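Data block below; observations after.
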Amino acid sequence: MQKIERIFVEANRWALIAILSAMAILVFLNVILRYLTNHSITWSDEVSRHLMIWLTFIGAGITLRHGGLVAIDNLQAALGDRKARLLRLVVAAIMLAFFVMMIWVGKTYVERTMFQTTPSTRIPFGYIYLAMPIGFGLLIVHFLFVLRTYLAGGMSGLQGDSDTPPVAA
């Protein structure tokens, strides 16, 4: 199971690297062309914006693994160990329910916008908004992999000293 998790995390990381690299190259080329030739790539702003949307949703799972999502843990810190763990269990159930709901909302949004096209590239908006259900699906998988660690220590339990995200034991 750990090997599958490591492959999953690495694939997610490489997808993020590819998206961020494509964004950086596109914006850099557009700036250079604008400076040297006084012309720009007409679709670069649109595509880089859409890549940023994908980057945000695809990167949410990795951010969760590092304990980087917003969390207010004053209440659980004030509770005893057992009550804090029970509170984290309730919060985890709410988070998973929210993630599932967002997949459904994202799917609905994709269906509704599939026939609207972007101004410059003329691709359907549905492909851009597809980042939402895919991103939340990945978020569920990441959360299930680190659920035991989260239940034991909360979001601060996911934050480690090293740069590597926690992997299920």
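The values are calculated or read from the model by the stated rules, or taken from the named source; none is laboratory data. Computed from a prediction, not measured in an experiment: that's the story for all the values here. In this analysis, Cβ positions are derived from the backbone assuming ideal geometry, glycine residues included, and neighbour counts consider all displayed protein chains. Note: accessible area is taken over every heavy atom of the protein model, side chains too, but ligands, DNA and RNA are not part of it. Shrake-Rupley method; radii C 1.70, N 1.55, O 1.52, S 1.80 Å.
A few points about this structure:
- Pair Ala152, Val105: separation of 7 Å Cα→Cβ label points (nm): 3.3 nm
- Under 12 Å from the Thr42 label point (7 Å along Cα→beta-carbon), backbone N, segment 94-137: 119-122
- Per residue value of the accessible surface for segment 24-161 (all protein chains in place, 1.4 Å probe), Å²: 62 Å²
- Checking [x] 12.2; [y] 17.5; [z] 10.2 against mean projected area of the Cα convex hull in nm² calculated from these atoms, the matching label is [x].
- Span-rule helices in the chain, defined as complete DSSP H runs reaching 30 Å or more along the axis (Cα) with Kyte mean at least 0.0: 2-37, 44-65, 81-113
- Pair Ile4, Phe28: separation of 7 Å Cα→Cβ label points (nm): 3.8 nm
- Heavy-atom accessible surface of segment 65-169: percent carbon and sulfur, 1.4 Å: 65 percent
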